[in-house]
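Inspection log for the structure reproduced underneath, given as structure tokens.
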Amino acid sequence: MTHLSDELLPTTRRALLHRLAVAQSEGRSPAVVGALVRDGRLVWSGARSMIDDHAPDADVQFRIGSITKTFVAVLVLRLRDEGLLDLADPVERHLPGTPADGATVAQLLSHSAGLAAETPGPWWERTDGALRPALADILEEERPRRHPVGRVHHYSNPTFALLGALVGRLRGEHWGEVLRREVLEPLGMDRTTLLPEHPHAGGFAVHPWADVMLPEPLTDTGLMAPAGQLWSTATDLAKWAAFLTGGDEKVLSAATVAEMRRPAVAPEPGDWSETYGLGLQLIQHEGRILHGHAGSMPGFSAGLWISETDGLAAIVLANATHGTRTTLVASELIALTAEHEPRLPEPWRPLPEVDERLLALTGPWYWGAAPHALRLRADRVLELAPLGQLGQFGRGSRFRAEPDGTWTGLDDYYAGETLRVVHAADGSVSHLDIGSFVLTREPYGPAEAIPGGLDPQGWQTF
């Protein structure tokens, strides 16, 4: 048996630090902090700074900008899972009198409500939230929408201000307090706060044509805070990355977290490089699909990205307004680690027990004349896959066992559809029914199981 330490190999650590050093140097950021999470554990952190022999560690706070939106989305989905709202609910049912009337909660979460990208002036990220004391102040009164509801993805910061207000309305207290009690404390994230707490980094703008800096204001953005207010650390965000990978029953189930990272809006035509789920961004980098979020506020940029396939997540935090491409750097930290230390597959193991009736269902099945294979997996999961060249005419899916003896599709074409085992009069298995599609043990046979029947002459040559 092989045992692997959580520690990364020295060559991997060196490669990660080198990439971080390049990011700090070329991005001209006063400081950059990076962290790498493997299988839910923080296994590396590093930093580079403009000050010799002094760099922030993984417990220094940085402003994380729009990564805040992932936290707000979790609060909304907690409300959904408790039955206090439905994602299909119109927003006005829970938050009446806003410019988002006519849009659903899901459309707010996926930035498809058509609302404006930003507030009316002044620039909300650099001004005190007291300038926008009411929800009516965060969107233009005459033209709050830029697109028809539900038609396109249009990123909108005021949208998440509305979602924060929705959480506050249904919980009866400020969304930040709800976040602390329901999410941060259960996950042990005691260094994630609405306002900075010592030690924290200062935020700077770097002159584009000279190596000089300008301090950025550290504002409390008030009602707009759900769009980008939070401060956090690499250590805390490592815990958040682990949560966004597998969930935590104290906060959200793994199934609900998986729902967050499912694309909710279509990408731009001809380009699947980025799309959006429910409060999570999805991007492609070097063939990998990553989920997470980028963030920026004056003086700061941040990126938290997760490769579920590799079991890896990376966090990059910088204290400069522009320059450090935190999403790219985080993506490359994942790629470097996967290249140096590819994930080992889980050992094959036999099932701990087997139901002979399920075992009898395995093997070849035919949708019409298209061959498929049905396999039995752990926890009574059935896996259907097309076979051979004719497989292009079939559809596959995994199916979860239900208490009533049926199975529910988990992915691809049959996601959410019901698989039933249909028995003949003598009790033997006749065929499988998946949403009215029939799969039989022989191509188009037995005839009595085939909708519409068969030509009485059967298979023939012409």
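Among the helices of the chain (complete DSSP H runs), which have Cα atoms covering no less than 24 Å along the helix axis and a Kyte-Doolittle mean of at least -1.0?
Those that pass (Cα extent of 24 Å or more, hydropathy at least -1.0) are 10-27.
Please arrange THR127, THR327, THR362 by counting, for each residue, the other beta carbons lying within 10 Å of its beta carbon, fewest first.
Taking fewest neighbouring Cβ atoms as first place, the list is THR362, THR127, THR327.
Applying the Karplus parametrisation 6.51 cos²θ - 1.76 cosθ + 1.60 with θ = phi - 60° to the phi angles of the range 37-43, what ³J(HN,Hα) value in whole Hz is obtained for each residue in order, glycine and proline being reported as x?
Values, residue by residue: 10, 10, 6, x, 10, 6, 10 Hz.
Using the count of nearby Cβ atoms within 10 Å as a rough guide to exposure, how do SER307, SER49, SER25 rank from fewest to most?
SER25, SER49, SER307
For the residues VAL76, VAL43, what sequence is obtained by ranking on other C-beta atoms within 10 Å, fewest first?
Exposure proxy ranking, most exposed first: VAL43, VAL76.
What 222 nm value per residue comes from the helices of the chain, counting each DSSP H run with n ≥ 4 as -39,500 (n - 2.57) and dividing by all residues, nearest 500 deg cm²/dmol?
Numbers: 9 runs with 96 residues, N = 462.
For the chain, the value works out to -6000 deg cm²/dmol.
Counting other Cβ atoms within 10 Å, which chymotrypsin sites (Phe, Trp or Tyr not before Pro) in the range 199-303 have at most 15 and lie in a DSSP loop?
Those satisfying the criteria are TRP209, TRP272.
What are the trypsin sites (Lys or Arg not before Pro) within the range 275-363 that DSSP puts in a loop, where the Cβ has at most 15 other Cβ atoms within 10 Å?
Listed in order of number, the matching sites are ARG343.
Using DSSP to call loops (not H, G, I, E or B), can you name the chymotrypsin sites (Phe, Trp or Tyr not before Pro) in the range 92-155 whose Cβ has at most 16 other Cβ atoms within 10 angstrom?
TRP123, TYR155
None of the figures in this text is laboratory data; all of them are computed from the coordinates on show. Bear in mind that the values here come from a model prediction, so they are computed numbers and not experimental data. Cβ atoms come from the backbone with ideal geometry, glycine included; neighbour counts cover every protein chain shown.
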